[in-house]
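Here is the structure we will look at, set down as structure tokens.
The values are calculated or read from the model by the stated rules, or taken from the named source; none is laboratory data. In this text, all values refer to a predicted model and were calculated from it rather than measured experimentally. Don't worry about glycine lacking a Cβ; one is built from the backbone with ideal geometry, like all the others, and counts go over all protein chains shown.
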Amino acid sequence: MQKVRWLAARLSPQRLLYAQLAIMLLCCGLFFGGHATAVVRFEPRSLYINSSVPGAATTYKVTMAYTTQTAVGSLDMLFCMDPIPYDPCVAPPGLDVSGAQYSESGSAPDTGYTLQTESPNHILLTRNPAVVVDGSQVTYTFDNVVNPTDTSHSFAIRLSDYASPSGSANMQPDGSIGVNDLDTIDLGSVLAQVGEGIEIETQVPPYLTFCINHTVEPDCSSTEGEAYTDLGTLDPSKPLTTTSQMAVATNAINGYSVSINGITMAAGTNVINALTVPTVSAPGNNQFGINLRANTSPNMGADPDGAGSAAVISPSYDVPNEFAYNDGDTLVSADSVAIGKRFTISYIVNSSPNIKPGVYTTTLTYFAIGNF
């Protein structure tokens, strides 16, 4: 009998201790468990910042999905150095949302907010309470948000929603949410950090590609011929003819121009008159001229070809079967970037029956200039 009492005496304090622990754990479970079941997280949630430059005014886009399908009247966004909703809120240095301009995208009934309160680190959106759609995502866009200036530490937006249009009645003076704040429906935070970024710079060097010869490729990859052409003997009954080609391209933003310089055909003081205005070939008359088109009288030349579309022929040299020449004229020009294009230049020399004898020659020089 004494042994039984001794055993009971030894067990009773332990049973009492176990009972006390059980009661304490039950109380803790009721205290924390009740709040945990009342508040859930916004899932998913994200933050997009258009520019991460410190101190820059930029656009913030907060995307989130409501988890609790209940009536919501306000959405609170508090900008703090850390994301924990129960910690005191320290505003990120330099951040300013007081001038933010608000818009949203989504579908009712998760939209319809207006911007009610904005301070340097606090935004409150409000509306007439409406039941949210469980799991539907909404994007809240804020323009003219001034980034923080601290590049050494991340910052957070603490998100919370409430049934009341005026937000939480139990918000702490430091901006934190009390552990026992039963006004809160959903919670969540998004993190971001500003930085100077990496500047990547490259340069496309300016170029002007130009070639001229008897024949050329549109990209000047090859040319053939010589810079000298013997037209033969003057004959009053028919024109002397020849052709050459040139190609030009540039990345100059204002394009290019190609001009021609030189005197008309001459033998000492005797000259074959140049055609100052576009004129048809008339054998038996002293004529010297060129054009840049395909001709049938005489049968010679070709129209421009190649990928470039910006280049145009000057009007005096753009009429088939009509020829002209003026020292210093612009033959071809482009007013923007122009890739390779090939032009065929046709030359005619007509002579009268009484032309003075001699060796008639001319030297023509072409100038290509990029308008950088």
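Pick from the stretch 97-144 the residues that are more than 23 Å from ALA71 (Cβ to Cβ) and aliphatic (A, V, I, L, M): which of them is surrounded by the most Cβ atoms within 10 Å (Cβ to Cβ)? Among those that are more than 23 Å from ALA71 (Cβ to Cβ) and aliphatic (A, V, I, L, M), it is VAL97.
Could we say that THR141 is β-branched (Val, Ile, Thr), assigned by TED's automatic domain parsing to the domain that holds ALA91 and part of a loop (DSSP other than H, G, I, E, B) here? In short, no.
Residues of the stretch 56-79 that are among the hydroxyl-bearing types (Ser, Thr, Tyr), modelled with pLDDT under 95 and either assigned to a strand (DSSP E or B) or outside the structural domain of GLU118 (by TED's automatic domain parsing) (or both): THR63, SER74.
Taking first residues from the stretch 348-372 that are without any contact (Cβ under 8 Å) to a residue 40 or more places away in the chain and partners that are assigned to a loop (DSSP other than H, G, I, E, B), no Cβ contact under 8 Å between residues at least 6 apart in sequence or on separate chains turns up.
Residues that are among the β-branched types (Val, Ile, Thr), farther than 16 Å from ALA368 by Cα and in contact (Cβ under 8 Å) with a residue 40 or more places away in the chain: does the stretch 203-221 have at least one? Yes, some residue in the stretch 203-221 is among the β-branched types (Val, Ile, Thr), farther than 16 Å from ALA368 by Cα and in contact (Cβ under 8 Å) with a residue 40 or more places away in the chain. Please find, within the stretch 219-251, the residue that is farthest from the chain's Cα centre (by Cα) out of those that are surrounded by 19 or more Cβ atoms within 10 Å (Cβ to Cβ) and under 21 Å from PRO205 (Cβ atoms). Step by step, filter the stretch 219-251, then rank; the result is ALA247. Going through (1) surrounded by fewer than 17 Cβ atoms within 10 Å (Cβ to Cβ); (2) of a type outside the set (A, V, I, L, M, F, W, C); (3) over 22 Å from SER237 (Cβ atoms) one by one, SER316 falls short only on (1). Might you let me know whether the stretch 146-165 holds any residue that is more than 18 Å from TYR48 (Cα to Cα) and without any contact (Cβ under 8 Å) to a residue 60 or more places away in the chain? Checking the stretch 146-165: at least one residue is more than 18 Å from TYR48 (Cα to Cα) and without any contact (Cβ under 8 Å) to a residue 60 or more places away in the chain. Please determine, by comparing only the residues of the stretch 319-355 that are charged (D, E, K, R) and closer than 25 Å to ASN285 by Cα, which one is surrounded by the most Cβ atoms within 10 Å (Cβ to Cβ). Looking at the filtered set, the residue picked out is GLU322. Of all residues in the stretch 160-172, at least one satisfies being modelled with pLDDT under 80 and in a strand (DSSP E or B). The set of residues in the stretch 266-313 that are surrounded by 14 or more Cβ atoms within 10 Å (Cβ to Cβ), among the hydrophobic types (A, V, I, L, M, F, W, C) and part of a loop (DSSP other than H, G, I, E, B) comprises ILE272, LEU275, LEU292, ALA294, ALA302, ALA310, ALA311.
Of the residues LEU95, LEU124, the single one that is assigned by TED's automatic domain parsing to the domain that holds GLN69 and touching a Pro at 6+ places or on another chain (Cβ under 8 Å) is LEU95.
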